[in-house]
Amino acid sequence: MIEFCPNCGTRLTLKRKKDSKESFLYCAKCGYERQVESVMLPASKRVTEVKQEDYIVVIGEKEQKLKTLPVITIECPKCGNNLAYVWQVQTRSADESSTQFFRCTKCGYTFREYS
């Protein structure tokens, strides 16, 4: 809960005196002080152990092997296959053309073409 100074309207901050456990609210602008009867501390943190069976598999092994990239007809320089997955990445500054990457569908070799 936030409290404000009744004199100037500034937000009060919680202070504690060095020698005692007494707490008080203090206004940094006008110096207003008011003793606080009880201080509410934040709730304690709970630590829980996560077991292996609690994990949820979001993408299974079968789904990870699915290839969803577009395929293009281009010769692989390594094995000579004519199909490759294709994607583009902006590897240089924004005013220059992007770089096209290819991955062979047969051997998995990745190569690129600068536009």
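Every read-out reported here was derived from the displayed coordinates using simple, explicitly stated rules and does not represent laboratory data. From a predicted model like this one, the values you see are computed outputs, not experimental measurements. As a convention, Cβ positions derive from the backbone with ideal geometry for all residues, glycine included, and neighbour counts pool all protein chains shown.
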Q | Distant-in-sequence amide H partners of S23 (H built 1.01 Å from N, under 5 Å) | A | V36
Q. What residues have an amide H closer than 5 Å to that of K78, excluding those fewer than 5 places away on the same chain, when H is modeled at 1.01 Å from N in the peptide plane?
A. none
Q) If each residue's Cβ is checked for other Cβ atoms within 10 Å, how do L25, L14 rank with the fewest at the top? A) L14, L25
**Q.** Footprinting exposure proxy for S97, S23 (fewest neighbouring C-beta atoms within 10 Å first)
**A.** S97, S23
Q) Order of F24, F102 from fewest to most other C-beta atoms within 10 Å? A) F24, F102
